[in-house]
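Step one of this worksheet: look at the structure below.
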Amino acid sequence: MKTTAGLADLALGALRRLGVDRERIEGLADGQPPRPTLAARSPITGGELCGVRADDADAVAAAVTAASEAFGVWRETPAPVRGALVKRLGELLVEHQEDLAALVSIEAGKIHSEALGEVQEMIDICDFAVGLSRQLYGRTMPSERAGHRLQETWQPLGVVGVISAFNFPVAVWSWNTAVALVCGDPVVWKPSELTPLCALGCDALLQRAMREREAPAGLHAVVLGAREVGEALVDDARVALVSATGSTRMGREVGPRVAARFGRSLLELGGNNAVIVTPSADLEQAVSSIVFGAAGTAGQRCTSTRRLLVHASVADEVVAKVTRGFASLPAGDPFEDGVLLGPLVNEAAYEAMQAALEQARGVGGEVIGGERIDVGADGFWVRPALVRLPAQTGPMLTETFAPILYVVTYQDFDEALALHNCVPQGLSSGLFSNDVREAERYLGPSGADTGIANVNAGTSGAEIGGAFGGEKETGGGRESGSDAWRAYMRRATNTINYSAAVQLAQGVAFG
Ligand code: NAD
């Protein structure tokens, strides 16, 4: 297992290769450490890797000023030329996939293949956005007036403020930034205070691409710090769109503040994702999807499987197999081949998990697993917990950001759907069934009420081609593929009169 000093060396090496500004990092800068500082830590050891220069409200205002100036140039730059910048970013991500993935493992504790996968997602969204840069289509509609044409055009919106969570420290930035850039918008990014090094690595690559493609300075900035830095971004009226990813608690604060100044917000918040297993399901397929969904990333994905709604006739078999799956997952150094369980992000996450398990016991839950595992490091590794509950109640109704899978049984499909939809969150869900009627009902108007609803696929591991996001307390935002780009643009309806007459709509006569 690596020590804090070993992890710091690894991180500083990656930051050097990524071209991060030496002044921002203690250990890279010559002379005095930068002040004020934010400590960069690793969940692997809990230790401090280095200090990072933090920003304050003045620095946020300066970044937004520079971004607003860049907007004047960028919105007039043809979209396919904007796409060329994103294409270059994608190339640099391919070149530095290992460096960024190492930072993701160091700061978020993800196992190496998941960290590489996260950077792959960045490369994929760059490809998507480059294509999009030639497809920002508007519609043409028939006008009711002779000699008139009616059309819709999409224009750049303005500065986009991105606030992101620790658990996808690089991908969420890229979903927003690749799309915002081709749409003509500058970006100011406030990453999680738990993952500043990942953010500096991404910014360094984009700054290099910007220099090479002669994009205006100020088009992108990263501002580091805790929630006060995010609040400064949220309250700046020059930020046209705040795209905020994180807990529902955060969204409850950010949404009304942005609305109060008539800004636009895109909220990607917590999930409480369920899998339904029916009697006709392929149980092997269901079980491996559930184990990955619940235990992958140590249960720290917004799309992690947290609830299992299983038909009573197959419940014991499914529970036995999932329990065996949880018990056999190798835990240890996220960099080591074969390890599938990395650490929780910090001690607070461990405490929250234990509190949820205690609460579950209090409402009659039978808990299997959930204990801390000693892997020879000071971080918090846990055995994923399976909790059988007599009813969907207590902690099962909230998101605990840890590997806990609550299980309840159902008798008929209507009951399963009702259980599925009666939580406040609405991000992702999966149905395992080979009954076409069940599958179609689940996808239909009275089916799953989540933004992502899968059949014979688990809740976790979305592709960038589809729009990503969820309903209810998940916030209603959509990012990434499909037509999510529209949130980053201003829509204008245009009427063009090419006749010599003045004609009013609806046949109104006026003098
Ligand atoms: P968090 O809410 O603690 O922090 C997220 C970000 O918001 C951080 O950058 C933080 O500094 C900032 N922030 C917090 N309060 C703020 C405020 N009042 N104003 C402005 N900024 C503020 O979340 P976390 O612990 O980093 O991440 C885990 C949570 O994120 C989980 O709930 C998870 O489901 C959610 N998440 C959702 C998605 C999604 O797409 N729906 C994706 C990833 C994570």
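The numbered conditions (1) within 14 Å of the ligand (Cβ to nearest atom); (2) assigned to a strand (DSSP E or B) are all true for T153 except (1).
Residues are listed down the side, and each one gets a yes or a no for (1) farther than 30 Å from A295 by Cα; (2) within 16 Å of the ligand (Cβ to nearest atom):
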| site | (1), (2) |
| --- | --- |
| S446 | no, no |
| T450 | no, yes |
| T495 | yes, no |
| A501 | yes, no |
| A505 | yes, no |
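In segment 327-354, what residues are surrounded by fewer than 20 Cβ atoms within 10 Å (Cβ to Cβ), touching a residue at least 40 places away in the same chain (Cβ under 8 Å) and under 15 Å from T400 (Cα atoms)? Of everything in segment 327-354, those that are surrounded by fewer than 20 Cβ atoms within 10 Å (Cβ to Cβ), touching a residue at least 40 places away in the same chain (Cβ under 8 Å) and under 15 Å from T400 (Cα atoms) turn out to be N346, E347, Y350, A352.
Name the residue, out of V258, V318, that is β-branched (V, I, T) and away from the ligand (no atom under 16 Å from the Cβ). Step through it out loud before you land on a result.
Working: V258 fails: away from the ligand (no atom under 16 Å from the Cβ).
When all the criteria are applied, what remains is V318.
Exactly one residue out of A448, A509, A487, A492 is touching a residue at least 60 places away in the same chain (Cβ under 8 Å), among the aliphatic types (A, V, I, L, M) and not in a strand (DSSP E or B), and it is A487.
Could you run through segment 178-200 and say how many residues are more than 9 Å from the ligand (Cβ to nearest atom) and either in contact (Cβ under 8 Å) with a residue 60 or more places away in the chain or over 17 Å from the mean Cα position of the chain (by Cα) (or both)? Before you say what the answer is, go through the steps one by one.
Filtering segment 178-200 down to residues more than 9 Å from the ligand (Cβ to nearest atom) leaves 178-189, 196-200.
Those still in the list that are either in contact (Cβ under 8 Å) with a residue 60 or more places away in the chain or over 17 Å from the mean Cα position of the chain (by Cα) (or both) too: 178-188, 196-198, 200.
The qualifying residues number 15.
Taking V229, is it within 15 Å of the ligand (Cβ to nearest atom), at negative phi, touching a residue at least 60 places away in the same chain (Cβ under 8 Å) and crowded, with 24+ Cβ neighbours inside 10 Å? So V229 fails the test. Can you tell me which condition L309 does not meet? The list is (1) assigned to a loop (DSSP other than H, G, I, E, B); (2) buried (at least 19 other Cβ atoms within 10 Å of the Cβ), and all the others hold. Status for L309: all satisfied but (1).
P390 falls short on exactly one of the conditions (1) under 28 Å from the mean Cα position of the chain (by Cα); (2) part of a loop (DSSP other than H, G, I, E, B); (3) within 23 Å of V277 (Cα to Cα), and that condition is (1). For segment 141-187, the set of residues classified as under 25 Å from L49 (Cα atoms) and in contact with a Gly (Cβ under 7 Å, 6 or more places away or on another chain) consists of I163, A165, listed by residue number. Looking only at residues in segment 66-115 that are in a helix (DSSP H, G or I) and of a type in the set (D, E), the one that is farthest from A171 (Cα to Cα) is E69.
Looking across segment 451-472 at every residue that is in contact with a helix residue (DSSP H, G or I) (Cβ under 6 Å, 6 or more places away or on another chain) and assigned to a loop (DSSP other than H, G, I, E, B), the one that is farthest from A416 (Cα to Cα) is identified as I464. Across segment 394-426, the qualifying residues are those that are over 26 Å from E438 (Cβ atoms) and assigned to a loop (DSSP other than H, G, I, E, B), and the one among them that is farthest from the ligand (Cβ to nearest atom) is P403. Scan segment 421-467 for residues that are of a type in the set (S, T, Y) and touching a Gly at 6+ places or on another chain (Cβ under 8 Å) and the total you get is 4. Hey, among the residues in segment 201-224 that are part of a loop (DSSP other than H, G, I, E, B) and crowded, with 22+ Cβ neighbours inside 10 Å, which one's farthest from the chain's Cα centre (by Cα)? Checked segment 201-224; the qualifying residue farthest from the chain's Cα centre (by Cα) is A215.
Restricting attention to segment 129-146, the residues that are touching an Asp or Glu at 6+ places or on another chain (Cβ under 6 Å) and more than 30 Å from A171 (Cβ to Cβ) add up to 1. Yes or no: R324 among the basic types (K, R) and surrounded by fewer than 22 Cβ atoms within 10 Å (Cβ to Cβ)? So R324 passes the test.
Taking the stated definitions as given, is R301 without any contact (Cβ under 8 Å) to a residue 60 or more places away in the chain, within 23 Å of A360 (Cβ to Cβ), within 20 Å of the chain's Cα centre (by Cα) and within 9 Å of the ligand (Cβ to nearest atom)? Before the answer, list the steps.
Details: without any contact (Cβ under 8 Å) to a residue 60 or more places away in the chain: no; within 23 Å of A360 (Cβ to Cβ): yes; within 20 Å of the chain's Cα centre (by Cα): yes; within 9 Å of the ligand (Cβ to nearest atom): yes.
No: the conditions fail for R301.
A Cβ distance below 9 Å, combined with a sequence gap of six or more or placement on separate chains, defines the contacts here; from segment 254-272, residues that are more than 26 Å from T305 (Cα to Cα) and touching a residue at least 40 places away in the same chain (Cβ under 8 Å) reach residues that are away from the ligand (no atom under 13 Å from the Cβ) and among the small types (G, A, S) in the pairs R264/A240; R264/A487; S265/A259.
Please tell me if S289 is touching a residue at least 24 places away in the same chain (Cβ under 8 Å), away from the ligand (no atom under 11 Å from the Cβ) and assigned to a loop (DSSP other than H, G, I, E, B). Break it down into steps so the answer makes sense when it comes.
On the way: touching a residue at least 24 places away in the same chain (Cβ under 8 Å): yes; away from the ligand (no atom under 11 Å from the Cβ): yes; assigned to a loop (DSSP other than H, G, I, E, B): no.
So S289 does not fit the description; no.
Within segment 236-254, being near the ligand (Cβ under 6 Å from one of its atoms), surrounded by 23 or more Cβ atoms within 10 Å (Cβ to Cβ) and assigned to a helix (DSSP H, G or I) holds for one residue alone: V254. Just wondering, is there one or more residues in segment 263-280 that are under 26 Å from R491 (Cα atoms), outside any strand (DSSP E or B) and either of a type outside the set (A, V, I, L, M, F, W, C) or more than 14 Å from the ligand (Cβ to nearest atom) (or both)? The answer is yes; a qualifying residue exists. Please go through segment 204-226 and give me each residue that is of a type in the set (A, V, I, L, M) and within 14 Å of the ligand (Cβ to nearest atom), ordered by number. Selection gives V222, V223, L224, A226.
Can you name the residue in segment 156-177 that is near the ligand (Cβ under 10 Å from one of its atoms) and not in a loop (DSSP other than H, G, I, E, B) and is also farthest from G225 (Cα to Cα) among such residues? Can you show your working first?
Here is the first cut: in segment 156-177, the ones near the ligand (Cβ under 10 Å from one of its atoms) are 161-169, 171-172, 175.
Cutting the leftovers down to not in a loop (DSSP other than H, G, I, E, B) gives us 161-163, 171-172, 175.
Numbers: G161: 14, V162: 13, I163: 11, A171: 19, V172: 18, W175: 21 Å.
Only one residue fits best here, namely W175.
Every number here is computed from the coordinates shown, using simple stated rules; none is lab data. Quick caveat: nothing in here was measured; it's all calculated off a predicted structure. Please note: Cβ atoms are built from the backbone with ideal geometry, for glycine as well, and neighbour counts cover all protein chains shown.
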